[in-house]
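Undergrad: This is the structure, below, for whatever I ask next.
The values are calculated or read from the model by the stated rules, or taken from the named source; none is laboratory data. Please read these numbers as outputs of a predicted model, since none were measured by experiment. With ideal geometry, Cβ positions are generated from the backbone for all residues, glycine too; neighbour counts draw on all protein chains shown.
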Protein chains: 2
Amino acid sequence: MIDADGVHRVSVDEHLGLSTEVLTGLGAPDRAAREQAGMLLEGDLRGHASHGIRRLPVLAGRIGNGVLDPAAEPELRWTTDSVLTVDGRTGLGPPVAHRAVEALVERVPRTGVAVAAIRRAGHLGMLAPYVERLAEAGLAGLATTTSEALVHPWGAAPAMLGTNPIAAAIPTGGQPVVLDMATGQISRGKVLDHAARGEPLPEGAAVDAEGAPTTDATAALDGAITPVGGPKGYALSLVLELLVASLTGTALGREVRGTLDTTDPVTKGDLLIAFAPGLFGVGRTQPAIAAFLDELRTLPPAPGHTRVQVPGDRAHDVRARNRFRGVPVDETTWAQVQGLRRR
Amino acid sequence: MIDADGVHRVSVDEHLGLSTEVLTGLGAPDRAAREQAGMLLEGDLRGHASHGIRRLPVLAGRIGNGVLDPAAEPELRWTTDSVLTVDGRTGLGPPVAHRAVEALVERVPRTGVAVAAIRRAGHLGMLAPYVERLAEAGLAGLATTTSEALVHPWGAAPAMLGTNPIAAAIPTGGQPVVLDMATGQISRGKVLDHAARGEPLPEGAAVDAEGAPTTDATAALDGAITPVGGPKGYALSLVLELLVASLTGTALGREVRGTLDTTDPVTKGDLLIAFAPGLFGVGRTQPAIAAFLDELRTLPPAPGHTRVQVPGDRAHDVRARNRFRGVPVDETTWAQVQGLRRR
């Protein structure tokens, strides 16, 4: 269905139904198919098409090439009381991450903190839904993950770092605060879209093959994405990549593979960290947090702004609107995914 | 001594000697005085005068007003096997944080991860030296802390958030990678310096009292510092502030006090998190990390750049140079601190 704004939308049920059918047809067990489909839905519902159903052809290609095993069962092992090591056994990412989240939700109310270090899991999708699950269980959560080298280090041209996102959720008693930010200025998907439409990129978002800043999306495809906040974003991205590699034993820089291509074994890693505020002996802090957030939301906006947002507010609103109006999926993608059904 | 560049420098021994003498005179026991003096030295050695000996008059004022007890012994309590709660009992910050670091260094090789949640400690100084100590012990470390509201939320004028720094260190086998970044574009000290000299601020670093971007440092003093990376830095800063408050039970926003003033009880909090890579069952990752860092450092520089740095490289070089050439301390500050000696 095309709505009044010219956006092609499908219902939540159609979206989930098609993904689940395709994944089941490719050999995923029911629960794994539903969990992967659920994460593709979250990407599109929140307006991040690059993490939406557009990923399904890549997953299908990976399964077809034998580098992703849709029926794999992850292996979870507590190496200490607070360290969970997870081998995804080259399976779909969301089932692996959901099992890790469940293990943390069970464990952390006793230990106060725990870390899940995940290797050999497929692309997790957006990180926000995982930390949201931790927050719903009353835990503060952090998540980070490595990804293919698309971002240049500060001061040089070549893409050497992932867009390495960091996500966090803090329980507030009501809707949690949820951060989910990439450390690159823009996504690879956006560069591709702008290049296809011949539109310029925002200033400072990318460099060309020589490392000179460019707004030409085609030149940026041969170059690299610029880190957020210049040298600080570069430093943050690098440290996240090293932390993930240190604790999961996964690859670094250009050796990171397996979420964009259809041919290479997955070598990226993921970390989930959860904290139980109630075990820190500080009493109930949620009412103070909720009051502070309301203070922020009701500040008079500065010139050129319409309001102050708390991280997670926008995604929450966009998600609710798209659940009501229909999930935006461009027609080409939708047709392509329908072609993946088993005939 | 004034060197050839017109910079006033003192020897490491003079710097430590004067701070220690002043602090001892104010009632600090020997070790606490030395640890506090050591952190003031680190600030000046690394070129961050705002965390250097310039802080000593504030500490003296706080002690004089009875809101900082230089002889306090911190109370450390493991509430779980991996959660250390620390009450600084309004003492000097560095001795409290050093005790927490030592407890983590002892504990984490067994548990794999632990968190120290610190409240009622004085200003810790730069965070880098604490995470460096963790890295020297083979641990990956994270640190963050809240501070007085100086940074505006994205979209509004008033200062509502601290410059909330995040620090991290990753062991590499050699010199660790060390991140220590504030989430504000510039420090309050820099705004004050520029205002005193009538020099403009960099574009995008601050807003005036109405929330409009300004390069006028005097106008910025009535306004607020802009978060790094715009909305993303705001979101990161807010989440760090909420995480600290959730786990330490300390204050938020404008209620955060006790590191810049001389009159108010300290209400900020600090978090230290340590991980033992060896307990994550992934083998030795340090050689791969060291090779990757060398690859970054030897990339050909992009136009307008002279080299690629790894986080911590610059601080390491500046520190070594200043140890050799003498610690830079401006003459006015040095004279003022000498005036704090007990006559």
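Undergrad: Could you tell me which of the residues B:Thr298, B:Thr332 is surrounded by fewer than 13 Cβ atoms within 10 Å (Cβ to Cβ) and over 24 Å from B:Gly43 (Cα atoms)? Spell out the reasoning first.
TA: Details: B:Thr332 fails: over 24 Å from B:Gly43 (Cα atoms).
None of the other options fit; the residue is B:Thr298.
Undergrad: Please count how many residues of the range A:254-273 are more than 22 Å from A:Pro129 (Cα to Cα), surrounded by fewer than 23 Cβ atoms within 10 Å (Cβ to Cβ) and either within 19 Å of the chain's Cα centre (by Cα) or away from chain B (no Cβ under 14 Å) (or both).
TA: Of the residues in that region, 7 qualify.
Undergrad: On to the next question. Could you check the range B:274-287 and list, in sequence order, the residues that are at the interface with chain A (Cβ under 7 Å from one of its Cβ atoms) and either without any contact (Cβ under 8 Å) to a residue 24 or more places away in the chain or not in a helix (DSSP H, G or I) (or both)? Before the answer, list the steps.
TA: Taking the range B:274-287 as the starting set, the residues that turn out to be at the interface with chain A (Cβ under 7 Å from one of its Cβ atoms) are B:275, B:277, B:279-283, B:285.
Listed by number, the residues that qualify are B:Phe275, B:Gly281, B:Val282, B:Gly283, B:Thr285.
Undergrad: Within the range A:127-147, can you find the residues that are in a loop (DSSP other than H, G, I, E, B) and either surrounded by fewer than 23 Cβ atoms within 10 Å (Cβ to Cβ) or among the polar types (S, T, N, Q) (or both)?
TA: So in the range A:127-147, the residues in a loop (DSSP other than H, G, I, E, B) come out as A:127, A:137-139, A:146-147.
A:Ala137, A:Gly138, A:Thr146, A:Ser147 - these are the residues of the range A:127-147 that are in a loop (DSSP other than H, G, I, E, B) and either surrounded by fewer than 23 Cβ atoms within 10 Å (Cβ to Cβ) or among the polar types (S, T, N, Q) (or both).
Undergrad: Being at the interface with chain A (Cβ under 7 Å from one of its Cβ atoms) and assigned to a loop (DSSP other than H, G, I, E, B) is the filter here, so list the residues in the range B:293-302 that pass it.
TA: Hits for the range B:293-302 are B:Leu299, B:Pro300, B:Ala302.
Undergrad: Going residue by residue through the range B:311-333, is there one that turns out to be within 7 Å of chain A (Cβ to nearest Cβ) and in contact with a strand residue (DSSP E or B) (Cβ under 7 Å, 6 or more places away or on another chain)?
TA: As a first pass, look at the range B:311-333 and keep what is within 7 Å of chain A (Cβ to nearest Cβ): B:311.
So of that shortlist, the ones also in contact with a strand residue (DSSP E or B) (Cβ under 7 Å, 6 or more places away or on another chain) come out as B:311.
For the range B:311-333, residues within 7 Å of chain A (Cβ to nearest Cβ) and in contact with a strand residue (DSSP E or B) (Cβ under 7 Å, 6 or more places away or on another chain): present.
Undergrad: Considering only the range A:232-242, I want to know if a residue exists there that is within 30 Å of B:Ile186 (Cα to Cα), facing chain B (nearest Cβ under 9 Å) and surrounded by fewer than 17 Cβ atoms within 10 Å (Cβ to Cβ). Before the answer, list the steps.
TA: Here is the first cut: in the range A:232-242, the ones within 30 Å of B:Ile186 (Cα to Cα) are A:232-242.
Checking the rest, the ones that are also facing chain B (nearest Cβ under 9 Å) come to A:232-236, A:238-242.
From the residues that got through so far, the ones that are surrounded by fewer than 17 Cβ atoms within 10 Å (Cβ to Cβ) too are none.
Taking every residue of the range A:232-242 in turn, none turns out to be within 30 Å of B:Ile186 (Cα to Cα), facing chain B (nearest Cβ under 9 Å) and surrounded by fewer than 17 Cβ atoms within 10 Å (Cβ to Cβ).
Undergrad: Working only within the range A:308-320, note down all residues that are surrounded by 13 or more Cβ atoms within 10 Å (Cβ to Cβ) and either part of a helix (DSSP H, G or I) or not β-branched (Val, Ile, Thr) (or both). Let's see the steps before the verdict.
TA: So in the range A:308-320, the residues surrounded by 13 or more Cβ atoms within 10 Å (Cβ to Cβ) come out as A:308-316, A:318-319.
Scanning the range A:308-320 gives A:Gln309, A:Pro311, A:Gly312, A:Asp313, A:Arg314, A:Ala315, A:His316, A:Val318, A:Arg319.
Undergrad: Mind checking which residues of the range B:31-60 are closer than 25 Å to B:Asp264 by Cα and acidic (Asp, Glu)?
TA: Hit for the range B:31-60 is B:Glu35, nothing else.
Undergrad: Among (1) closer than 29 Å to A:Ile186 by Cβ; (2) assigned to a strand (DSSP E or B); (3) β-branched (Val, Ile, Thr), which single condition is A:Val115 missing?
TA: (1)
Undergrad: So is A:Lys190 facing another protein chain (nearest Cβ under 8 Å) and either assigned to a helix (DSSP H, G or I) or within 24 Å of B:Gly229 (Cα to Cα) (or both) or not? Break it down into steps so the answer makes sense when it comes.
TA: Values: facing another protein chain (nearest Cβ under 8 Å): no; either assigned to a helix (DSSP H, G or I) or within 24 Å of B:Gly229 (Cα to Cα) (or both): yes.
It is false that A:Lys190 is facing another protein chain (nearest Cβ under 8 Å) and either assigned to a helix (DSSP H, G or I) or within 24 Å of B:Gly229 (Cα to Cα) (or both).
Undergrad: Looking at (1) in a helix (DSSP H, G or I); (2) within 9 Å of chain A (Cβ to nearest Cβ), find the lone condition where B:Ala290 falls short.
TA: (2)
Undergrad: Quick check: anything in the range A:205-221 surrounded by 24 or more Cβ atoms within 10 Å (Cβ to Cβ), within 11 Å of another protein chain (Cβ to nearest Cβ) and in contact with a Leu (Cβ under 8 Å, 6 or more places away or on another chain)?
TA: Within the range A:205-221, not a single residue is surrounded by 24 or more Cβ atoms within 10 Å (Cβ to Cβ), within 11 Å of another protein chain (Cβ to nearest Cβ) and in contact with a Leu (Cβ under 8 Å, 6 or more places away or on another chain).
Undergrad: Please verify whether B:Arg342 is at pLDDT 95 or above, of a type in the set (Lys, Arg) and either under 30 Å from A:Thr250 (Cα atoms) or surrounded by fewer than 18 Cβ atoms within 10 Å (Cβ to Cβ) (or both), treating the condition exactly as stated. Walk me through how you get there before you give the answer.
TA: Values: at pLDDT 95 or above: no; of a type in the set (Lys, Arg): yes; either under 30 Å from A:Thr250 (Cα atoms) or surrounded by fewer than 18 Cβ atoms within 10 Å (Cβ to Cβ) (or both): yes.
For B:Arg342, the condition - at pLDDT 95 or above, of a type in the set (Lys, Arg) and either under 30 Å from A:Thr250 (Cα atoms) or surrounded by fewer than 18 Cβ atoms within 10 Å (Cβ to Cβ) (or both) - is not met.
Undergrad: Go through the range A:151-163 and report how many residues are assigned to a strand (DSSP E or B) and either at the interface with chain B (Cβ under 7 Å from one of its Cβ atoms) or under 16 Å from B:Ala235 (Cβ atoms) (or both). It would help to see each step written out before you state the result.
TA: Within the range A:151-163, the subset assigned to a strand (DSSP E or B) is A:151, A:156, A:161.
Next cut, either at the interface with chain B (Cβ under 7 Å from one of its Cβ atoms) or under 16 Å from B:Ala235 (Cβ atoms) (or both) only: A:156.
Total meeting the criteria: 1.
Undergrad: Would the range B:84-93 turn up any residue that is surrounded by fewer than 19 Cβ atoms within 10 Å (Cβ to Cβ), out of contact with any Lys or Arg (no Cβ under 8 Å at 6 or more places or on another chain) and not in a strand (DSSP E or B)?
TA: No, because not a single residue in the range B:84-93 is surrounded by fewer than 19 Cβ atoms within 10 Å (Cβ to Cβ), out of contact with any Lys or Arg (no Cβ under 8 Å at 6 or more places or on another chain) and not in a strand (DSSP E or B).
Undergrad: Still on this model: If we keep just the residues of the range A:91-137 that are free of Cβ contacts under 8 Å to residues at least 40 places away in the same chain and of a type outside the set (D, E, K, R), which is farthest from the other protein chains (Cβ to nearest Cβ)?
TA: Among those that are free of Cβ contacts under 8 Å to residues at least 40 places away in the same chain and of a type outside the set (D, E, K, R), it is A:Val96.
Undergrad: Looking at B:Arg54, B:Arg119, B:Arg62, which one is closer than 17 Å to B:Leu247 by Cβ and among the basic types (Lys, Arg)?
TA: Values: B:Arg54 fails: closer than 17 Å to B:Leu247 by Cβ; B:Arg62 fails: closer than 17 Å to B:Leu247 by Cβ.
Only one candidate qualifies: B:Arg119.
Undergrad: Only residues that are more than 10 Å from chain B (Cβ to nearest Cβ) and surrounded by 24 or more Cβ atoms within 10 Å (Cβ to Cβ): list them for the range A:164-175, please. Even if it seems obvious, please write down each step before you answer.
TA: Taking the range A:164-175 first, the residues more than 10 Å from chain B (Cβ to nearest Cβ) are A:164-165, A:173-175.
Once the filter is applied, which keeps residues that are more than 10 Å from chain B (Cβ to nearest Cβ) and surrounded by 24 or more Cβ atoms within 10 Å (Cβ to Cβ), the range A:164-175 yields only A:Asn164.
Undergrad: Then there's this: Name every residue in the range B:26-47 that is among the hydrophobic types (A, V, I, L, M, F, W, C) and either in a helix (DSSP H, G or I) or within 17 Å of B:Glu14 (Cα to Cα) (or both), in order of residue number. Lay out the reasoning, then the answer.
TA: From the range B:26-47, those among the hydrophobic types (A, V, I, L, M, F, W, C) are B:26, B:28, B:32-33, B:37, B:39-41, B:45; that's our starting set.
B:Ala32, B:Ala33, B:Ala37, B:Met39, B:Leu40, B:Leu41, B:Leu45 - these are the residues of the range B:26-47 that are among the hydrophobic types (A, V, I, L, M, F, W, C) and either in a helix (DSSP H, G or I) or within 17 Å of B:Glu14 (Cα to Cα) (or both).
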